[in-house]
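Chemist: Mind having a look at this structure? Questions to follow.
No lab work stands behind these numbers, since they all come straight from the coordinates. Note that this is a predicted model, so its numbers are computed, not measured. Virtual Cβ from ideal backbone geometry, glycine too; neighbours counted across all protein chains shown.
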Amino acid sequence: MPPHVDGQNGACGNFNNDPTDDTNELIEATAGRVSMDEMIFHHMTPPQAVPHVPCPEHKKAAAREICRREQPGAQEMLLAGCIQDVCVGGRRYAAQDGIAESEA
């Protein structure tokens, strides 16, 4: 999606080509949160941190090869996501990530 002339913000970030300022904390600081009286659901599940599962270097190298083979030409951010998914979840995620990328 191309950025708007006057800038933009949203759940996916601000589209200024700087992924470091697209964290949940910075997006929330800019856009705020929906107040409880505006919620369409009358309950709220508290947000939970997603645990980071480390990937050993030898597995990361193998995952990188698989992802590059399954997703030739993938951008670095998408490739990094594929590498983490394959390293932690298995080879099948390389193809699934590639399908998701092609649908985006």
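Chemist: Hydropathy at least 0.5 by Kyte-Doolittle, axial extent at least 18 angstrom from the Cα trace: which helices of the chain, defined as entire DSSP H runs, fit?
Modeler: Those that clear 18 Å and a mean of 0.5 are 76-89.
Chemist: Would you kindly enumerate the cysteines in the chain that have no other Cys beta-carbon under 4.7 Å from their beta-carbon?
Modeler: Result for the chain is 12, no neighbouring Cys Cβ within the cutoff.
Chemist: Strictly greater than 12 Å: what percent of every Cα pair in the stretch 1-47 meets that?
Modeler: Values: 727 of 1081 pairs.
So the pairs more than 12 Å apart make up 67 percent of the total in the stretch 1-47.
Chemist: Among [x] 17.3, 50; [y] 19.9, 75; [z] 14.3, 50, only one was calculated for this model; which label is it, if the read-out is Rg and Dmax of the Cα atoms in Å?
Modeler: Of the listed options [x] 17.3, 50; [y] 19.9, 75; [z] 14.3, 50, [x] comes from this structure.
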